[in-house]
Amino acid sequence: VQLQASGGGLVQAGGSLRLSCAASGRTFSGYDMGWFRQAPGKEREFVAAIRWSGGAVYYADSVKGRFTISRDNAKNTVDLQMNSLKFEDTAVYYCAVRTRGTIWSSRTNYDYWGQGTLVTVSS
């Protein structure tokens, strides 16, 4: 499966952005999906994830209440609505498919990483 993330850009603190991840190549609806981010000089960290059915979602504590993950299996997309953005949300955001394990926040349980989209929040 190939993933293409989009929607990044420059936004002021307090603003909003909506990221989208488009999947192609295989049946998308059966995959659990996740969003991760990587700030300069830091390790890639978990942001949010959603079960294949959309019936369960998971968030990092740092984004809980501000970010919302959703998916549209008919369109093969998974979105990340980001509100009340903070300077520390600045990072390259990646989507990926969860292929193994039971820990949703572990990046080692994900494959098929997209190329990432840059989010820059100005303070």
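The values are calculated or read from the model by the stated rules, or taken from the named source; none is laboratory data. Keep in mind the model is a prediction, meaning the values are calculated, not measured. Glycine also receives a Cβ, built like all others from the backbone with ideal geometry; neighbour counts cover every protein chain displayed. Ligands, DNA and RNA are stripped out before the accessible areas are found, and what is left, the full protein with its side chains, is counted by its heavy atoms. Shrake-Rupley method; radii C 1.70, N 1.55, O 1.52, S 1.80 Å.
Distance from a point 7 Å along Cα→Cβ of GLU43 to each backbone N in the range 53-67: keep the residues under 19 Å and list them by number.
Under cut-off, by backbone N: 59-63.
Working with all protein chains in place, sort THR99, THR27 by solvent-accessible area computed with a 1.4 Å probe, largest first.
From most exposed to least exposed: THR27, THR99.
Label points 7 Å out from Cα along the Cβ direction at SER29 and GLN81: separation in nm?
Placing both labels 7 Å beyond Cα along the Cβ direction yields 2.3 nm.
Could you compute the net charge surrounding GLN12? Neighbours are other residues with a C-beta less than 13 Å from the C-beta of GLN12; K and R count +1, D and E count -1.
Every neighbour counted, the sum reads 0.
Sort ARG66, ARG107, ARG26 by heavy-atom solvent-accessible area, probe 1.4 angstrom, most to least.
ARG26, ARG107, ARG66
I need the phi-derived Karplus couplings for the range 49-65: 6.51 cos²θ - 1.76 cosθ + 1.60, θ = phi - 60°, integer Hz, Gly and Pro marked x.
Running phi through 6.51 cos²θ - 1.76 cosθ + 1.60 with θ = phi - 60° gives 8, 9, 5, 4, 7, x, x, 9, 10, 9, 9, 5, 4, 5, 10, 4, x Hz.
Please list 3J(HN,Hα) in residue order for the range 106-123, calculated via the Karplus relation 6.51 cos²θ - 1.76 cosθ + 1.60 where θ = phi - 60°; whole Hz, with x for glycine and proline.
8, 5, 5, 8, 10, 9, 6, 5, x, 7, x, 9, 7, 10, 10, 10, 8, 8
Starting at the first residue of the range 85-101, write each ³J(HN,Hα) from the Karplus equation 6.51 cos²θ - 1.76 cosθ + 1.60 with θ = phi - 60°, in whole Hz, x for Gly and Pro.
Karplus-based 3J(HN,Hα) across the range 85-101 equals 5, 10, 3, 6, 7, 4, 4, 8, 9, 10, 10, 7, 9, 7, 10, 7, x Hz.
Tell me which lysines have Cα within less than 18 Å of LYS64's Cα, excluding those fewer than 8 residues away on the same chain?
In chain and number order, the partners are LYS86.
Using 1/(1 + (r/R0)^6) with R0 = 41 angstrom and r between the beta carbons of THR108 and ALA13, what's the FRET efficiency to the nearest 0.05?
0.80
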